[in-house]
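A.B. asks: This is the structure I want to talk about, given as structure tokens.
None of the figures in this text is laboratory data; all of them are computed from the coordinates on show. All values derive from a computational prediction rather than experimental measurement. A quick note on method: Cβ atoms are made from the backbone with ideal geometry, for glycine too, and the neighbour counts reach across all protein chains shown.
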Amino acid sequence: PSAPADQPVATGPAWEGWAEPPRHTGRPVIYLNTLEADALTVPQGTSFNLRLYGQGLSVAQDIGPADAQAAPEAPRYTAQQDGTLTVGGRSFAVTVLPDAPPQVWLASLAGRRADGRLAQGFSAEDDHGIAAGSATITLDLAAVDRRHGLAPDPEPREALQLDLPLPASGQRRRVSATLSADLARHPWANLPVRMTLSVRDGIEQAAETPATALILPGRRFFDPLAAGIAEMRRDLLWSRDNAPRSARLLRAMVWRSDRTLPPEAAQAITGAVQALESGPLSTDARDSLADALWDAALLIEDGGLGDALERMRQAQQRLAEAIRNGASPDEIQKLMDALRQATDDYTRMLAERGEDPSARFDRSEQQGRQITGDQIQQMMDEIQRLMNEGRMAEAQELLDQFNQMMDNLQVREGEGGGDSSPGGRSMDRLRETLRDQQRLADDVLREAQRDPFGEAPGEGEGEAPGQGEDGQPSLADRQRDLRAEIGRQQGLLPGRGTEQGDAASDRLDDAGRAMAEAERALREGDAAGALERQAEAIESLREGMRALSDLSRGEQGQQGEGGTPQQPGQGDTPGPQGSPRAGGGEGFAPFAPGRDPLGRETAGQGGNIATGEPLADTERRAGRARELQDEIRRRSGDSERPRAERDYLGRLLERF
């Protein structure tokens, strides 16, 4: 039925309008009909879309051009300047915000990193957000030292282009980030380059930094052979005219048989020499040779450390992805265990190379801090705790910090005041192993000297000296681990082929055999036999350290700083002379042939003590005797020491 004549008929609006800002601004669409005010502010490029439903409606505007393709009943205008839009009896005062161009600038220049990665900080701004950015790196040929393999003209290469990292979502109006890229293999690594950063916004406005000169960060090799191979690789990538020269030098580097050269590295170098001498190289052949030489250099330098670092990074990424995707607790725990194992492998391999597993990373040019292996483990424990409590967001945040910390590892060359030479690092490793072996011998002796009429606190009934307690590694297992450590250290000894170097290696062979026999004795419950073999191992370690010390003095041609070099096995911590421990430990060491319980050599007749040093003047000898007497008196009065040890020290004290 039709409506009564006196009832008004409902009608819709005569027009509708929307102000739609450009998508890149992130601003919402405005419905004009519901605006209470007749003024609005919009970004430049905002589209005003109208729908005209009534008859005789007209539109007047001076804010920007009309879309010629739009239908008459659906006009469209793009706001380019301030003005007025009038439609259906309403006028809107439109203020247009201009779209400012973006800005970009570099933070401090990238520093050298241990893994050769570029880590360049930057900042960028735009009123509506950065749309994209890139870094362009070109060779600074004028700054290259054109000598040796860099003397020929380089083969042309395109500029290196890297995308700048930007937030995947969220605000891009102000961005502070770090461009990180693995450029260690790039032909320009460790060479002068010029870098320019550029960014653009949503309407293709661009900005760039001035070209900045820097040395492109790259991997540094400290092993001489690895460094030489890396240099030949660089020369080959610089110009194939270097192929004959590189072949000659590679052949010269490995002409002498080296029993510690990894077989894979030796095979790669031999194959490279043959290929270089066979004739002109294609681009693909050159690149393949470069890859083989790089892998050989890494194998010699790291002994697998690069693989350990990559496994750790992959474990980090998988765990982070699992947390983000809401994986099950079992899956997350499995990935956390994998990350722990990978991190342990990496820090252990750092230690085997003679590097401090501590990692130094700088948050600024002026301020850095030391992160130790223990702190790394504490950080992982905290991540584990947060995940166990279901606090995944906090765990993710801490994991990101952990990843950033491990990603910022830097070279610690020459830091810490220690000897960074191969001989010095080997001596440090052997000194630590000697300490561990002496501590183990202490524990074996204490087990063997327990009161036969009663058990020591915590001792289990019928427990043999080689068994562990409360889930701790057994004495035999500890001996096994020390034997394995000696094997690893033997492969890292310097001076291969020299008299002193071979002597040091032979002594470590002897130590390893004695440790194996000590382990067997411990597993059979023969504490006395184990102590004998451990004493032999300790003596062999000391002899190996003497040979290594002789090698270092021969290479340097002079004594170390501070006068007479420290004798192998002597303490490096303050304390009375004659400490029985290398490094200043105070435990009771079972005396090896020719040594007393304080670790000193005896002359073999009448028990006279030999210091291994030239006789000093009377005053110095008297002072040393007083120090030794005080030390023996202190130890003999220590009630926590075994009775047999205190009795022996008492008898020794009577002789003074």
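A.B. asks: Taking θ as phi - 60°, what are the ³J(HN,Hα) couplings along the stretch 23-38 by the Karplus curve (6.51, -1.76, 1.60), each to the nearest whole Hz, with x for Gly and Pro?
C.D. replies: So the J values, rounded to whole Hz, are 4, 5, 6, x, 8, x, 6, 10, 8, 5, 5, 9, 5, 7, 8, 9.
A.B. asks: How much length is gained on full extension from THR136 to ASP223, taking 0.36 nm per residue of separation minus their Cα-Cα distance?
C.D. replies: 28.1 nm
A.B. asks: Roughly speaking, what is the stretch gain from ASP638 to LYS334, that is 0.36 nm per residue apart minus the C-alpha to C-alpha distance, in nm to one decimal?
C.D. replies: Taking ASP638 through LYS334 to full extension adds about 104.7 nm, to one decimal.
A.B. asks: Ok, one more. Mind giving me the nanometre distance, one decimal, between the label points for GLN205 and GLU264, set 7 Å out from Cα along Cα→Cβ?
C.D. replies: 5.3
A.B. asks: Could I ask something else about it? Using a cut-off of 10 Å between beta-carbons, work out the net charge of the residues near ASP126 (Lys and Arg +1, Asp and Glu -1, ASP126 not included). Intermediate results must be reported in sequence, preceding the final value.
C.D. replies: Numbers: positive: ARG172, ARG173, ARG174, ARG200; negative: ASP99, GLU125, ASP127, ASP201.
The answer is 0.
A.B. asks: Give, in nm to one decimal, the length gained when the segment between THR212 and ALA484 is fully stretched (0.36 nm per residue of separation minus the Cα-Cα distance).
C.D. replies: Working it through step by step, the gained length comes to 92.9 nm.
A.B. asks: On to the next question. Arrange the peptides 127-136, 83-92, 385-394 so that the one whose residues have, on average, the most other Cβ atoms within 10 Å appears first.
C.D. replies: Answer by packing, highest mean first, reads 127-136, 83-92, 385-394.
A.B. asks: Here is a follow-up. Starting from the 7 Å offset along Cα-to-Cβ, what nm value, one decimal, do you get for the label separation of ASP400 and ASP436?
C.D. replies: Roughly 3.8 nm, to one decimal.
A.B. asks: Still on this model: Under a Cβ-Cβ cut-off of 9 Å, what is the net charge of the residues other than ARG520 that fall near it, where Lys and Arg count +1 and Asp and Glu count -1?
C.D. replies: -2
A.B. asks: Arrange the peptides 310-317, 541-548 so that the one whose residues have, on average, the most other Cβ atoms within 10 Å appears first.
C.D. replies: Descending packing order for the listed peptides: 541-548, 310-317.
A.B. asks: With a sphere of radius 14 Å drawn around the Cβ of ALA338, what net charge do the other residues whose Cβ falls strictly inside it have (Lys, Arg +1; Asp, Glu -1)?
C.D. replies: So the environment of ALA338 carries a net charge of -2.
A.B. asks: Modelled label-to-label distance, ALA516 and TYR53, 7 Å Cα→beta-carbon offset: nm?
C.D. replies: 9.6
A.B. asks: Now, a different point. Give the peptides 332-345, 508-521, 63-76 in descending order of average Cβ contacts within 10 Å, highest first.
C.D. replies: Ranking the peptides 332-345, 508-521, 63-76 by packing returns 508-521, 332-345, 63-76.
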